[in-house]
1. Please work out how much length the chain gains when fully extended from residue 41 to residue 27, using 0.36 nm per residue of separation minus the C-alpha to C-alpha distance, in nm with one decimal.
2. Fewest to most neighbouring Cβ within 10 Å: what's the order for 44, 34?
3. If the label point is 7 Å along Cα→Cβ of residue 68, which residues in segment 16-48 have backbone nitrogen under 16 Å from it?
4. What order do you get for 47, 95 when you list them from fewest to most C-beta neighbours inside 10 Å?
């Protein structure tokens, strides 16, 4: 369990935060994720990668939180200040992340898994329990929406 938390702890926390937009809920969801991993590890059959399996649990926990009474609306701007950033990618300008967070959930989750968790389309398909073609289409549409929303942003030197 120590190895799993060490390997995926930061990634799960970031994913939970990006989903829930609240650092405290993200911490709770991360803990719940690893409790479920611990309780169900014997059922892990290895057909998907371990990271894929853990991230699927994390996303399901986050979705449960969003459906529950605990769900609170948090300002995206306030939430962005609390994001646990990856060591290798400091966010100087939050414009891109803000636009990602404003996408519909089905588009946001594929962008987050593909770019922030470095997952392949086949892994994302297993995490979301969707066909690879669906994931590809969602990723393409999400990119198109982001391109429209961010038109001129990068070219302006931001």
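Quick note: the coordinates plus some simple rules give every number you see, no bench work behind them. Every value quoted in this text rests on a predicted model; they were computed, and no experiment measured them. Note that we place each Cβ from the backbone using ideal geometry, even for glycine, and neighbour counts take in every protein chain shown.
1. Between residue 41 and residue 27, full extension yields 3.0 nm more.
2. 44, 34
3. Within reach of a label on residue 68, which here means backbone N under 16 Å from a point 7 Å along Cα→Cβ, segment 16-48 contributes 16-17, 19-37.
4. Details: 47 8, 95 14.
Ranking 47, 95 by Cβ neighbours within 10 Å, fewest first, gives 47, 95.
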